[in-house]
Each structure stands twice: as C-alpha cells, then as structure tokens.
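Okay, structure first, notes after.
The values are calculated or read from the model by the stated rules, or taken from the named source; none is laboratory data. The model shown is predicted, which means the values in this text are computed figures rather than measured ones. Cβ coordinates were reconstructed from backbone atoms using ideal geometry, including for glycine residues, and neighbour counts include every protein chain displayed.
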Amino acid sequence: MADGGNAVQADFDLLLAGAGHVHLGVLRLWASGQRPRGRIALICPEPHVWYSGMLPGLLAGRYRVEQCRIPLPPLCAAAGVEWLPAAVAALAADTRTLRLTSGESLQGRWLSLNPGALPRAPEQQGAGMELLPVKPFPGFIARWQVWRQQPEPLAILGGGAAGVELALALARQVPSLSLFCATTLLAGHPPALRTRALRHLQAAGVRVHEHCPVERVCGATLLAAGRPVWQGHRLILATGASPLPWLRESGLACDARGFVAIAATLQSVSHPQLFASGDCASLADTPHNGVHAVRQGPVLARNLAAALSGEPLAAYRPQRRTLALLADGQGGALLSWGGLTAEGALLGRWKDFIDRRFMRRHGAIAD
Ligand SMILES: Cc1cc2nc3c(=O)[nH]c(=O)nc-3n(C[C@H](O)[C@H](O)[C@H](O)COP(=O)(O)OP(=O)(O)OC[C@H]3O[C@@H](n4cnc5c(N)ncnc54)[C@H](O)[C@@H]3O)c2cc1C
C-alpha cells in the first residue's frame, strides 16, 4: 500500500476499523466503564450503525428508521473512543497502517477490523437492469425508498435467511417478485424450515427458483447456466458474504474465499497485532451471521484490553447451535434452532423483544 507521500499519524494505541456488530458490543462494554487505557479511535463512514435484525421489519413498515439504527457519535463519546468519519481504502498489515478515503494514513499499535462483507454480484453486461446490494444498508434503504414510489417487478438473488426475509417483507409492495437461490432455499437450516418458508413465500405470491445459480445479467435479463430465467429492471443482491477487496490485498493471511484467517482469540493468524471479527473473518465452526458477530463482542472487548496491557487472551468458543428467527413479513417469525423449527405470531413478538432490547442496550430509540 503506497501512502501517497502523506505523513502517517502514528500515535494511536488502538484503531477500530468498521462499526459492525462486534465493535458495537465492544463500545457498549467500554461505555459501561471497562475501557482500557490509551488513545483509541473508530473509523466508520456513517454516523449510524444499522441493525440487520430489524431491517426486514423496517421494509415491511413495522419500524421507523430511527428504531433500526444506533447513533454512533454518542456511543463513541460514552466509550471514550474518537470517531473518525471516513472509510478505510487500504490496509498494510505489516506496518498496521490504514489509508482512509479522506487521504489520511493512520498507524495503530494494535488494529481491530470489523467492516463486514458485501453481497456477491453476478457479472453484468449492458445497462438494462439496476443492481442494488442489500449492504451497505444506508445506500440500500435510500434507493429502496425511491423504487417503492414506482413499484416494478423485482428479483432477489440469495436464498439464505436475508433473501427470504427481504422477499417476505417486499412481496406485497411490488407487482411481482422472484427469488433465486443457487441451491435449495435456506440450505444449512433444517429441511422443515425450508418447507415453512416456502409456504409463506407462496402465500405472499413469491416465485421461488431453487437450484438456479444466476451467473450473469445481460441487459434486462438474468441468465443461469446460459439460459434466460428472468426479465426486469430491478435486482436486489442478498447473496452470501463476499470479502472486501482491500482486506485481500492487505498482506493478511486469508482463507480460500478471501476472508481474514483468525485464531480463536480473534487475532489474525499471520499478524497477531491485528484482530478481525464478524463477517470479514474466517474461523472454524463460525458461519457468517449476526449472532456470532454479537457474541464475539465481549471476547473482543476483553482481548483488546488484555492486548493493550500485555495480559493473556481468551478464546471465542462458537456455540454449536445458533438461534435463527426469520421475520415472516406479517409480524410473525420462523424459528430454527438445532434441528427444531417453529413459527407463529408469538415468535414474532419474541423476536421484536430481542431486537428492541439490543437497540436499547446500545442507546438507540426502540419503542
Ligand atoms: C436483510 C438482512 C437480515 C439479516 N438478519 C439477520 C438476523 O436476523 N440474524 C443474524 O444472525 N444475522 C442476520 N443477518 C446477517 C448479519 O447482518 C451479518 O452477519 C452481520 O451484520 C455481520 O456483522 P459484522 O459485525 O461483520 O459487520 P456489519 O454489521 O456488516 O457492519 C460493518 C460496518 O463496517 C462499516 N464499514 C464497511 N466498510 C468499511 C470501510 N471500508 N471502512 C470503515 N468502515 C467500514 C459499515 O459501515 C458498518 O458499520 C442479516 C443480513 C441481512 C442482509
């Protein structure tokens, strides 16, 4: 990474890059009085942190914008962390130097990376279709507000929990909606959850295309295995996480897909003075989802404090079973836990309680 000749600001003990779900937990704990000593700054381009668990409810009209996002400056101030409103453009892992989009370069004694990941996009030829990635959330929500003023047929790529929740939230707001999955719907969850979800999607009029890996967008046509499978002008990308390019080019050891390879302590396996967590990281038995990211928060908070003071680090032990509660677009939810599945309005109320509690804990308005 070239620093463009600019001076590097190097008096940070710790730099936090990205305000993902893990760093939110770190800020919350430090705001409650557990902050380690030293100069600490957080780099994040947005003044708000969006909570993905409430996004489907926002799109379905059940929540207001302010209920789904956490204002970052007050949380940083309470945690004694400087907020630097910029995005990371590049990282040189060997020197722990971050180049920001503002042109500044910052070096930290320790770094912690939690910038999330982006949906994978198919190859696009021609300009007949607008592709809208679900992340970053602020851009997605702003564009969706424009689309919904003039509803048109819509396609969603991605048959995981996010794609299903989005389809159920949006189906009744557009003339037609098609959902495309590369394999089966909700692969990785018990088959009974797929059956339940298919029933809800059918009731909402969603056309589900399983085993239909869309690889190309040609003008206004989606192509899978070289065949046209959908025609339209609006496509939402809710495909699984793909790594941010600047992490791959940083010199950090990455897995075959390009996610930062980390040890149980959440440290990079190649550069132990760098921590990485949440969707940008690759750790055994730890799928990319918000539940793991939230649970990594307390371990990371403790380990960053220990690293700064030269104490031993703790290990993150992923739970074998994680709870998934998928919003059904009508106020209810579908549950998957271990091999169990269930659904209903009561589960929707429970999900709402959990989500609002998360927001309240981080200082957002959630009522
Ligand atoms: C619609 C939808 C619903 C979902 N629902 C659930 C759910 O109910 N349960 C669940 O477990 N998971 C859910 N997920 C998955 C969940 O969103 C992710 O797994 C989780 O957000 C990962 O968190 P993270 O900590 O890695 O980073 P994120 O929460 O993605 O946050 C990344 C942060 O980094 C910032 N950032 C990005 N790039 C840069 C940069 N270059 N420089 C500085 N900052 C940067 C972003 O602005 C953002 O603040 C859902 C996903 C979607 C799309």
Exercise. Can you tell me which residue in the range 9-49 is surrounded by the most Cβ atoms within 10 Å (Cβ to Cβ), limited to those that are in a strand (DSSP E or B) and near the ligand (Cβ under 7 Å from one of its atoms)?
Worked result: Ala17
Exercise. Out of all the residues in the range 147-154, is one or more within 21 Å of Pro213 (Cα to Cα), crowded, with 16+ Cβ neighbours inside 10 Å and within 14 Å of the ligand (Cβ to nearest atom)?
Worked result: no
Seminar exercise, completed: If we ask which residues in the range 331-353 are without any contact (Cβ under 8 Å) to a residue 60 or more places away in the chain, under 20 Å from Leu59 (Cβ atoms) and in contact with a Lys or Arg (Cβ under 9 Å, 6 or more places away or on another chain), their number turns out to be 2
Exercise. Restricting attention to the range 249-259, does a residue exist that is under 30 Å from Gly310 (Cα atoms), free of Cβ contacts under 8 Å to residues at least 60 places away in the same chain and outside any loop (DSSP other than H, G, I, E, B)?
Worked result: yes
Seminar exercise, completed: Flagged in the range 113-130 as surrounded by 19 or more Cβ atoms within 10 Å (Cβ to Cβ), modelled with pLDDT of 95 or more and not in a loop (DSSP other than H, G, I, E, B), in numbering order, are Leu113
Problem set entry | Test: Leu58 is in a helix (DSSP H, G or I), hydrophobic (A, V, I, L, M, F, W, C) and out of contact with any Leu (no Cβ under 6 Å at 6 or more places or on another chain) | yes
Exercise. Restricting the range 272-284 to residues that are within 15 Å of the ligand (Cβ to nearest atom) and over 19 Å from Val81 (Cβ atoms), which is surrounded by the fewest Cβ atoms within 10 Å (Cβ to Cβ)?
Worked result: Ser282
Exercise. Out of all the residues in the range 276-307, which are over 20 Å from Leu111 (Cβ atoms) and among the aliphatic types (A, V, I, L, M)?
Worked result: Ala284, Val291, Val294
For this session: Could you please let me know if Arg361 is exposed (fewer than 13 other Cβ atoms within 10 Å of the Cβ) and modelled with pLDDT under 95?
Result: no
For this session: Please identify the pairs in which a residue from the range 42-65 that is of a type in the set (Gly, Ala, Ser) has its Cβ atom under 6 Å from the Cβ atom of a residue that is more than 6 Å from the ligand (Cβ to nearest atom), counting only partners at least 6 apart or on another chain.
Result: Gly53/Asp355; Gly57/Tyr63; Gly57/Ala327; Ala60/Ala169; Ala60/Gly329
Exercise. Of all residues in the range 256-266, which are surrounded by fewer than 22 Cβ atoms within 10 Å (Cβ to Cβ) and modelled with pLDDT of 95 or more?
Worked result: Ala261, Ala263, Ala264, Thr265
Problem set entry | Residue check, Leu274 touching a helix residue (DSSP H, G or I) at 6+ places or on another chain (Cβ under 7 Å), in the same structural domain as Gly25 (by TED's automatic domain parsing), modelled with pLDDT of 95 or more and of a type in the set (A, V, I, L, M) | yes
Exercise. Looking at Arg109, Arg196, Arg99, which one is within 13 Å of the ligand (Cβ to nearest atom), surrounded by 16 or more Cβ atoms within 10 Å (Cβ to Cβ) and basic (Lys, Arg)?
Worked result: Arg99
For this session: Please go through the range 296-326 and pick out each residue that is near the ligand (Cβ under 9 Å from one of its atoms), out of contact with any strand residue (DSSP E or B) (no Cβ under 6 Å at 6 or more places or on another chain) and not in a helix (DSSP H, G or I).
Result: Thr322
For this session: Could you give me the residue pairs with C-beta distances under 6 Å whose first residue belongs to the range 272-295 and is under 21 Å from Pro245 (Cα atoms) and part of a loop (DSSP other than H, G, I, E, B), whose second residue is acidic (Asp, Glu) and within 8 Å of the ligand (Cβ to nearest atom) wherever it lies, and which are 6+ apart or on separate chains?
Result: His288/Asp279
Seminar exercise, completed: Note: among Ala90, Ala162, just one is among the small types (Gly, Ala, Ser), under 25 Å from Ser268 (Cβ atoms), surrounded by 15 or more Cβ atoms within 10 Å (Cβ to Cβ) and in contact (Cβ under 8 Å) with a residue 12 or more places away in the chain, namely Ala90
For this session: Considering (1) more than 13 Å from the ligand (Cβ to nearest atom); (2) under 20 Å from Gln107 (Cβ atoms), say which one Val269 fails and leave the rest.
Result: (2)
For this session: Could you pull out the residue among Trp147, Trp110, Trp83 that is outside any loop (DSSP other than H, G, I, E, B), touching a residue at least 12 places away in the same chain (Cβ under 8 Å) and touching a Pro at 6+ places or on another chain (Cβ under 7 Å)?
Result: Trp83
Exercise. So which residues in the range 86-96 are part of a loop (DSSP other than H, G, I, E, B) and either within 14 Å of the ligand (Cβ to nearest atom) or closer than 30 Å to Leu222 by Cβ (or both)?
Worked result: Ala86, Ala87
